[in-house]
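The values are calculated or read from the model by the stated rules, or taken from the named source; none is laboratory data. A quick note: this is a predicted structure, and the numbers were derived from the prediction, not measured. We place every Cβ from the backbone using ideal geometry, glycine too, and count neighbours over all the protein chains shown. In case anyone asks, the SASA skips ligands and DNA or RNA and just uses the protein heavy atoms, side chains included. Shrake-Rupley method; radii C 1.70, N 1.55, O 1.52, S 1.80 Å.
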Amino acid sequence: MLQESLEIRGFRIFKGCLDAPAQSALLEDIRAIVRAAPLFSPMTPYGKPMRVQMTSAGKYGWFSDRKGYRYERRHPDGQPWPPIPDSVLAMWESLVDPNRHPDCCLLNFYRDNARMGLHQDRDEADFSWPVLSVSLGDDGLFRMGNPTRGGKTESIWLESGDVVVMGGEARLTYHGIDRIRPGSSRLLPKGGRINLTCRVVD
Ligand code: SIN
Ligand code: MN
């Protein structure tokens, strides 16, 4: 695992953190998560299905419906979420904290036309814990804004194997994915982009 990083607005970006074998191994772990907890398209509180498909691993999964954004202890099918893979916990231990594991690993799957609007991650209890993000598959254009809506933004393409730590001033900074670059990676046979975000929830 490469540990050199660049920093933009407090986002620590580890380009090429996972090499090709590590990406393939992680993909196998992700397939096991999706078998146990199938992807679904959450409803936004405004009543539209999200374009990104999701599932989770860990004690909690992130969920959204007409009642709002929140963490749930069970998948919509009623099952508890599968455990966070050791490969992901090892990344958390070396890049975030060896003593406290994340409670949730949210898995986002972006098909060709999926995007994620600018938002803050603020459904967790303690914002002193960073969010760890891992990207696999097609490139995604990651936009970083400000602690409040509006203002100038900066963007960077996140490629397969890139990792971002959103802590400190970046923890409550608006961010999103404008678009993906279909066909830019051959990791996923049918294309698309996977992003994992690990969070301490309680
Ligand atoms: C997110 O902010 O939840 C996902 C970011 C990404 O897909 O890179
Ligand atoms: Mn986010």
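Does R115 satisfy the condition of being within 13 Å of ligand 1 (Cβ to nearest atom), surrounded by fewer than 17 Cβ atoms within 10 Å (Cβ to Cβ), among the basic types (K, R) and within 21 Å of I30 (Cβ to Cβ)?
Taking the combined requirement at face value, the residue satisfies it.
If you go through segment 168-190, how many residues are of a type in the set (G, A, S) and either part of a strand (DSSP E or B) or open to solvent by less than 20 Å² (accessible area, probe 1.4 Å) (or both)?
Looking only at that region, the number is 2.
With G140, G145, G117, G151 as the choices, which residue is touching a strand residue (DSSP E or B) at 6+ places or on another chain (Cβ under 8 Å), over 23 Å from K15 (Cβ atoms) and of a type in the set (G, A, S)?
Of G140, G145, G117, G151, the one residue that is touching a strand residue (DSSP E or B) at 6+ places or on another chain (Cβ under 8 Å), over 23 Å from K15 (Cβ atoms) and of a type in the set (G, A, S) is G117.
For A170, all conditions in the list (1) closer than 27 Å to E72 by Cβ; (2) of a type outside the set (S, T, N, Q); (3) away from ligand 1 (no atom under 14 Å from the Cβ) hold save one; what is the number of the exception?
The failed condition is (3).
Please work out if I84 is part of a loop (DSSP other than H, G, I, E, B) and of a type in the set (V, I, T). Write out each step before concluding.
Numbers: part of a loop (DSSP other than H, G, I, E, B): yes; of a type in the set (V, I, T): yes.
Yes.
Every residue in segment 54-80 that is among the charged types (D, E, K, R) and either in contact (Cβ under 8 Å) with a residue 40 or more places away in the chain or not in a strand (DSSP E or B) (or both), please.
Of the residues in segment 54-80, the ones among the charged types (D, E, K, R) are 59, 65-67, 70, 72-74, 77.
Passing the criteria: K59, R66, K67, R70, R73, D77.
Residues in segment 179-202 that are out of contact with any Phe, Trp or Tyr (no Cβ under 8 Å at 6 or more places or on another chain) and farther than 29 Å from D86 by Cβ: how many?
3
Determine which single condition G140 fails, assuming it passes every other condition in (1) open to solvent by 40 Å² or more (accessible area, probe 1.4 Å); (2) outside any loop (DSSP other than H, G, I, E, B).
It is condition (1) that G140 fails.
Out of the residues in segment 143-167 that are touching a helix residue (DSSP H, G or I) at 6+ places or on another chain (Cβ under 9 Å) and open to solvent by 10 Å² or more (accessible area, probe 1.4 Å), state the one that is farthest from ligand 1 (Cβ to nearest atom).
Filtering first and then ranking leaves P147.
Of all the residues that make up segment 53-74, how many are of a type outside the set (V, I, T) and open to solvent by less than 20 Å² (accessible area, probe 1.4 Å)?
Adding up the residues that qualify gives 7.
List, please: which pairs have Cβ atoms under 9 Å, are six or more places apart or on different chains, and start with a residue in segment 90-103 that is surrounded by fewer than 17 Cβ atoms within 10 Å (Cβ to Cβ) and end with one that is of a type in the set (S, T, N, Q)?
What qualifies is E93/N99; S94/Q3.
For segment 103-156, which residues satisfy the criterion of being under 14 Å from the mean Cα position of the chain (by Cα) and of a type in the set (V, I, T)?
V131, V134, listed by residue number.
What are the residues in segment 105-126 that are in a loop (DSSP other than H, G, I, E, B) and touching a Leu at 6+ places or on another chain (Cβ under 6 Å), if any? Step through it out loud before you land on a result.
So the first thing to find is which residues in segment 105-126 are in a loop (DSSP other than H, G, I, E, B), and the list is 111-115, 120-126.
Result: Q120, single match.
From the list F40, F127, exactly one residue is open to solvent by 10 Å² or more (accessible area, probe 1.4 Å) and either away from ligand 2 (no atom under 14 Å from the Cβ) or of a type in the set (A, V, I, L, M) (or both). Which is it?
F40
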